[in-house]
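Enquirer: The structure follows.
The values are calculated or read from the model by the stated rules, or taken from the named source; none is laboratory data. Being a predicted model, the structure only gives us computed values, none of them experimental. Cβ placement follows ideal geometry from the backbone for every residue including glycine, while neighbour counts extend to all protein chains displayed.
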Amino acid sequence: MVFNIQKTMDLGAVDGVTKWQTLAPALPDELTIQVVLQNRQALFQSLYLGSYDQLLPVMSSRFPELGMTGADCREMTWLQSMVYINGGTSSTPVEVLLNRTTSLSAFTKNKSDYVKQQAISKRPRGRRSSRGSTAPAAGLIILEPHGGRVGSIADGDTPYPHRAGVLDNIQYVAFWPTTATVAVPDWIKNVYSGRLRDELRERHVWGEKYFGDANFRRLALTKGKVDAGDYFRNEQSVPPLVTTKK
């Protein structure tokens, strides 16, 4: 079961996104709702592992601001939902997933943040300005919830370490024609303006944020074994961690 519900700034987009910030990470494991922000509009995209009759009472009690109805929903298999969520239609064959060649005729640049503490506010400033649909037509922002099953796995069990304590992921995406004379749009260049760049230069701080504590230590130990002198040094690489055997 999937649904797409579009909200404009005048018809509840800000209220919907504000509610989503605290609601999405705590939804039942079988329900996920992500938000796509573009052109001052918010598109709420959902995947639910169940029927409409099961979903309706959940949405009515937990997220009435969306006003979901049967007209918004489509029942389909999980495989079909992957096609639909990624821009297909209910009639697009699932075999399209086997095509590894992108259909985009544009360049793209992506940045992301992992959110551990929400900044709940309806005032469009700070990080909320990003969440307030300020991305231009040539860019979009995706708010992807964590929690649920994702948060129940230990951060060192898989290569993906962003688990318990992470509320959601913000993805900033800019795209522009391959024939354009100007490269990356300014708005995505300025996503991190005003942040502590001195802190970002510290490799261990950057590494722990990116890989997670457990995986970062593993990588640092491996680096200490194969390149203890840090010969292949890079500002954003993992530093060597050398242990002394007794």
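Enquirer: Take the conditions under 26 Å from residue 174 (Cβ atoms) and part of a helix (DSSP H, G or I) and apply them to residue 16. Does it pass? Quick ask: steps written out before the conclusion?
Expert: Numbers: under 26 Å from residue 174 (Cβ atoms): yes; part of a helix (DSSP H, G or I): yes.
The answer is yes for residue 16.
Enquirer: Among residues belonging to region 24-40 that are not in a strand (DSSP E or B) and not small (Gly, Ala, Ser), point out the one that is nearest to residue 66 (Cα to Cα).
Expert: Looking at residues that are not in a strand (DSSP E or B) and not small (Gly, Ala, Ser), I get 27.
Enquirer: Another question, then. Can residue 6 be described as under 22 Å from residue 115 (Cα atoms) and in the same structural domain as residue 163 (by TED's automatic domain parsing)?
Expert: So residue 6 does not fit the description; no.
Enquirer: When region 117-152 is examined, which residues are found to be of a type in the set (D, E, K, R), over 17 Å from residue 172 (Cα atoms) and either modelled with pLDDT of 75 or more or not in a loop (DSSP other than H, G, I, E, B) (or both)?
Expert: Hit for region 117-152 is 149, nothing else.
Enquirer: Further, regarding this structure: Scan region 203-212 and tell me whether some residue there is buried (at least 17 other Cβ atoms within 10 Å of the Cβ) and either at pLDDT 80 or above or not in a helix (DSSP H, G or I) (or both).
Expert: Within region 203-212, one or more residues are buried (at least 17 other Cβ atoms within 10 Å of the Cβ) and either at pLDDT 80 or above or not in a helix (DSSP H, G or I) (or both).
Enquirer: Kindly list the number of the only condition in (1) part of a loop (DSSP other than H, G, I, E, B); (2) among the aliphatic types (A, V, I, L, M); (3) at pLDDT 85 or above that fails for residue 82.
Expert: The number of the failed condition is (1).
Enquirer: So, of the residues in region 41-57 that are farther than 24 Å from residue 8 by Cα and not in a helix (DSSP H, G or I), which turns out to be nearest to the chain's Cα centre (by Cα)?
Expert: 49
Enquirer: Okay, moving on. For region 44-57, indicate whether the set of residues that are under 27 Å from residue 162 (Cβ atoms) and of a type in the set (Asp, Glu) is non-empty.
Expert: no
Enquirer: Follow-up. Inside region 19-50, can you point out the residues that are at pLDDT 95 or above and either outside the structural domain of residue 144 (by TED's automatic domain parsing) or hydroxyl-bearing (Ser, Thr, Tyr) (or both)?
Expert: Within region 19-50, 32, 46, 48 qualify.
Enquirer: Then there's this: Restricting attention to region 68-99, report how many residues are in contact with a helix residue (DSSP H, G or I) (Cβ under 9 Å, 6 or more places away or on another chain), surrounded by 13 or more Cβ atoms within 10 Å (Cβ to Cβ) and not basic (Lys, Arg).
Expert: 13
Enquirer: If we keep just the residues of region 221-240 that are among the charged types (D, E, K, R) and outside any loop (DSSP other than H, G, I, E, B), which is nearest to residue 209 (Cα to Cα)?
Expert: Looking at the filtered set, the residue picked out is 223.
Enquirer: Sticking with this structure for a sec: Contact list please: Cβ distance under 7 Å, first residue in region 100-119 and surrounded by fewer than 13 Cβ atoms within 10 Å (Cβ to Cβ), second residue modelled with pLDDT under 85 and assigned to a loop (DSSP other than H, G, I, E, B), pairs at least six apart or on different chains.
Expert: 105/178; 119/126
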